[in-house]
Amino acid sequence: MAGKIRIRAQLDGDTCEVKALMRHPMETGLRKDQAGEPIPANYIEEVTVTHNDKVVVHGYWGAAVSANPFLGVRFAGGQAGDKVTVSWRDNTGETGEGETTIR
Amino acid sequence: MKVEPVGGMARRKFLRVGALIATAVALPAKLWAAVTKPDAAFAATDLNATFAALGQTPTESAGIIFTTPDIAENGAVVPIKIEVDESVLPGVSRLYVMVEKNPNPMAAMFSVVEGSKPYIETRVKVAQTCNLYAVAENKEGFFMASKETKVTLGGCGG
């Protein structure tokens with residue numbers, strides 16, 4: 001379920017604000033289904049935000065981040081038209097990536 | 001008469017190309033090897049053990065501006081915001097989010113590259129009413145700010 005990511009990157013003075021919305025179930029592995037069987041854990045472990053191919057924020061997540069995670073970060077030095085990407089990798093090895101340009 | 005398995009060939013080739021693309025997409029994440037995941041901190045089951053796994057119990061700091069809702073109707077989606085006043089806490093390189101009474105308090109950790117702002121906005125699950133902690137790390141050690149969030153509906157299961 002390699003998902004797309006919705007991203008917006010907007011300049012505010014010299015700071016660029018990135019907002020990303022990922023699609024992911026973020027199962028903790030602690031819940032059980034209706035038959036009482038545990039639902040296997042499936043959550044995003046690693047998130048990377050890049051600006052012109054340079055990492056600006058990198059995160060490791062546990063299962064406690066909400067389903068369909070939202071992430072907002074800020075960095076300096078962005079210019080309109082620059083490339084911003086957000087990518088993730090979950091504990092099953094699936095990946096997702098999204099790309100946008102700064103407005 | 002022999003029939004050429006054209007469809008079969010094309011499909012096989014397609015699969016092979018697909019696998020190549022998948023590998024290429026997975027690569028960028030691996031290039032970032034500067035920070036390894038602090039597995040012990042993520043596996044810790046109470047707050048003190050989490051702090052111990054990081055190496056230090058953080059000291060309170062007014063330099064961390066931690067915004068959380070006082071009351072969360074739905075514990076599965078609790079919006080949080082961490083900002084750092086860089087005149088009080090300069091050079092923050094990492095930010096951590098912890099939820100005291102979750103099965104594993106450590107929810108997320110972020111490495112902030114120099115030049116980026118120590119600023120994070122996200123949403124976390126909160127199992128029950130408890131304190132949420134925002135922890136910032138710089139060269140001098142760990143600093144924190146905490147806030148209580150009342151949960152009227154739990155964040156795990158439903």
Practice item. Assuming a ≥ b ≥ c are the square roots of the Cα gyration tensor eigenvalues, decide whether the range B:39-151 counts as rounded (a/c under 1.5), prolate (otherwise, with a/b larger than b/c) or oblate. Key: oblate
Point to revise | Chain pair B, A: total accessible area buried, heavy atoms, 1.4 Å probe, Å² | key: 2800
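About its Cα centre, what dipole magnitude does the range B:39-151 give when the only charges are +1 on Lys and Arg Cβ and -1 on Asp and Glu Cβ, stated in debye to the nearest 20? Provide the component values of the computation, followed by the final result.
On the way: 9 positive and 14 negative charges, 51 e Å.
Result for the range B:39-151 is approximately 240 debye, rounded to the nearest 20.
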Review point. Given a 1.4 Å probe and every protein chain left where it sits, what share in percent of the accessible area of the range A:11-89 is carbon and sulfur?
Key: 45
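What does the charge add up to near B:Phe142, with Lys and Arg as +1, Asp and Glu as -1, over the other residues with Cβ less than 15 Å from its Cβ? Don't jump to the answer; show the numbers that get you there.
Details: positive: B:Arg94, B:Lys139; negative: B:Glu60, B:Glu137, B:Glu140.
Local net charge: -1.
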Practice item. Return the loop-located GluC sites (Glu not before Pro) in the range B:91-158 (DSSP other than H, G, I, E, B) with at most 13 other Cβ atoms within 10 Å of their own Cβ; answer none if there are none. Key: B:Glu140
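For B:Val78, what charge total do you get from the other residues with a beta carbon under 9 Å from its beta carbon, if Lys and Arg give +1 and Asp and Glu give -1?
On the way: positive: B:Arg123, B:Lys125; negative: none.
Once all neighbours under 9 Å are counted, the net charge is +2.
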Practice item. Indicate the residues belonging to the range B:121-147 that lose 40 Å² or more of solvent-accessible heavy-atom surface (probe 1.4 Å) upon moving from the chain alone to the assembly of all protein chains, ignoring ligands and nucleic acids. Key: B:Glu121, B:Thr122, B:Arg123, B:Lys125
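The values are calculated or read from the model by the stated rules, or taken from the named source; none is laboratory data. All values derive from a computational prediction rather than experimental measurement. Note: ideal-geometry Cβ built from the backbone for every residue, glycine included; neighbour counts use all protein chains shown. When the accessible area is computed, the model is the full protein with side chains, heavy atoms only, and any ligands, DNA or RNA have been set aside. Shrake-Rupley method; radii C 1.70, N 1.55, O 1.52, S 1.80 Å.
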